[in-house]
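As structure tokens, the structure follows; a few thoughts come after it.
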Amino acid sequence: MDEDREHFDVAVIGGGPTGMTAALALAAAGLQVALVAPPAGADPRTTALLGGSVDLLSSLGVWQRAEAAAAPLRTMRIVDDTGRLVRAPEAVFDAAEAGAETFGFNIPNDALNATLSQAVDQAANLARVPAKADAVVPGAARVTIDAGPWRLAARLVVAADGAASATREAAGIAVRSWQYRQTALVTTLSHGASHHDASTEFHTPAGPFTLVPLPGRRSSLVWVERPEAAERLAALDDAALSAAIERQAHSILGAMSVDGPRGLLPLGGHVATRFADRRVALVGEAAHRFPPIGAQGLNLGLRDVAVLARTVARARAGDPGDAALLATYDRARRGDVTMRTAAVDLFDRSLLTGFLPVQVARAAGLYLAGRVGPIRRFAMRQGLGPATPLVGWR
């Protein structure tokens with residue numbers, strides 16, 4: 001009954017960096033892949049890619065073309081700026097201590113997306129369907145997809161269509177969600193002093209204030225505040241906002257000037273109850289979402305991609321949407337996602353409470369991470385991101 005449909009091994013729905021990387025990785029595994037997504041618009045944000053993500057993109061031949069637009073992250077600095085009775089000493093982590101040149105790189109999303117898009121257009125085994133998926137219908141042997149004038153069928157669908165994933169909903173997968181009374185102000189800025197390839201995260205009573213290097217004397221900013229405070233900041237003109245940022249940063253990078261668009265992101269989170277079902281596998285924000293803290297968001301999504309590609313590649317001659325195979329993927333991702341989600345949630349909530357025992361525990365944890373050798377080395381390994389080797393693809 002599907003003779004009028006074009007058939008693929010895999011259809012990836014969603015054209016962000018996670019979706020494009022998934023399509024490239026699965027095509028590299030020898031599968032016939034369709035990427036179903038309308039053309040991407042401009043994205044003024046930046047992304048800090050940790051070591052494991054850079055390795056993944058390098059294995060796909062993407063990072064080599066994107067690196068020139070990125071700034072290395074050689075040092076991570078954490079400053080307790082809560083002003084509370086119990087505060088942690090400043091902690092500084094250098095990638096060289098972990099035997100690496102960098103923890104990763106910070107890259108403008110537009111540059112990363114443009115490089116990924118070019119790679120998609122040039123990849124073998126990969127067809128682009130430039131339309132939104134209007135209907136996704138899982139079946140016993142395949143999933144059917146209607147996208148504008150295109151009619152497709154695939155044995156496996158990868159849901160990379162974001163936090164409000166319609167593909168996840170079509171598979172009948174629920175999420176456990178929550179909200180924070182916080183909003184992140186994001187923008188980019190130039191400054192008078194060099195950042196020396198160091199990311200600096202100030203911990204404040206409202207959330208983190210984080211400056212991440214960009215090439216030259218520029219940085220990206222994620223400033224987490226109470227919603228009403230974030231809205232007041234976003235309403236300032238460039239000169240007033242620049243002055244507010246410089247004050248909050250204690251002028252560590254000299255005079256600052258906002259030089260990019262600004263955006264407000266209400267903070268919340270969710271985790272899917274299952275990461276795969278009915279021939280649909282979830283990756284990225286379709287599977288999990290939490291505040292932009294510790295550069296975990298996209299990096300966690302790219303680990304989803306790496307694990308899924310490796311799992312499917314092992315059954316290259318078989319059915320990529322096989323229920324047992326997807327159950328293996330679900331089990332493989334659950335521990336990492338659960339741990340990261342809990343850690344980010346606990347950290348964020350610890351900043352928001354004035355309860356003294358919690359503040360003591362947070363300060364003690366930062367002290368141990370900054371001063372005690374084994375704990376320090378563990379923290380830096382987590383900063384590099386767990387390695388997810390990609391083997392047996394070709």
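Gain in length, His196 to Ser177, computed as 0.36 nm per residue apart minus the alpha-carbon separation, to one decimal in nm?
Contour length minus Cα-Cα distance gives 3.0 nm.
What GluC sites (Glu not before Pro) in the stretch 159-257 are in a loop by DSSP, with at most 10 other Cβ atoms within 10 Å of the Cβ?
Answer by residue number: there is no such site.
Using protein chains only and a probe of 1.4 angstrom, how many square angstrom of Met339 are accessible, to the nearest 10?
100 Å²
Could you order the peptides 280-291, 174-185 from most to least packed, using the average number of other C-beta atoms within 10 Å per residue?
Result, highest mean first: 280-291, 174-185.
How large is ³J(HN,Hα) for each residue in the stretch 25-32, as worked out from phi by the Karplus curve 6.51 cos²θ - 1.76 cosθ + 1.60 (θ = phi - 60°), to whole Hz, x for Gly and Pro?
Running phi through 6.51 cos²θ - 1.76 cosθ + 1.60 with θ = phi - 60° gives 5, 6, 5, 5, 7, x, 8, 7 Hz.
Over every pair of different alpha-carbon atoms in the stretch 282-331, take the mean of 1/r and invert it; report that Kirkwood radius in Å.
11.7 Å
Taking H as built 1.01 Å from N, whose amide H comes closer than 5 Å to the amide H of Ala127, not counting residues under 5 places away?
Val33, Ala34, Leu35
If you line up the Cα atoms of the stretch 58-144 on their principal axes, what length do they span on each, largest first, in Å?
Ordered largest first, the stretch 58-144 gives principal extents of 59, 33, 24 Å.
Below 10 angstrom from the Cβ of Asp322, what's the summed charge of the other residues (Lys, Arg +1; Asp, Glu -1)?
Surrounding charge for Asp322 is +1.
May I ask you to give the percent of accessible area on the stretch 87-172 that is carbon plus sulfur, with a probe radius of 1.4 Å?
Carbon-and-sulfur percentage of accessible area, whole number: 50.
At 0.36 nm per residue, and after removing the present C-alpha to C-alpha distance, how many nm does the segment from Ala343 to Asp319 gain when stretched out fully?
Result for the pair: 5.1 nm of gain on full extension.
Along the Cα-to-C-beta direction of Asp94, a point sits 7 Å from the Cα; which residues of the stretch 163-198 have their amide N less than 20 Å from that point?
194-198
So if I place +1 on the C-beta of Lys and Arg and -1 on the C-beta of Asp and Glu, and nothing else carries charge, what would the dipole magnitude of the stretch 106-176 be about its Cα centre? I want it in debye, nearest 20.
260 debye
The values are calculated or read from the model by the stated rules, or taken from the named source; none is laboratory data. Fair warning: this is a prediction, and the values are worked out from it, not measured in the lab. Because the Cβ atoms are built from the backbone with ideal geometry, glycine has one as well, and the counts that use them run over all protein chains shown. For accessibility, only protein heavy atoms count, side chains too; no ligands or nucleic acids. Shrake-Rupley method; radii C 1.70, N 1.55, O 1.52, S 1.80 Å.
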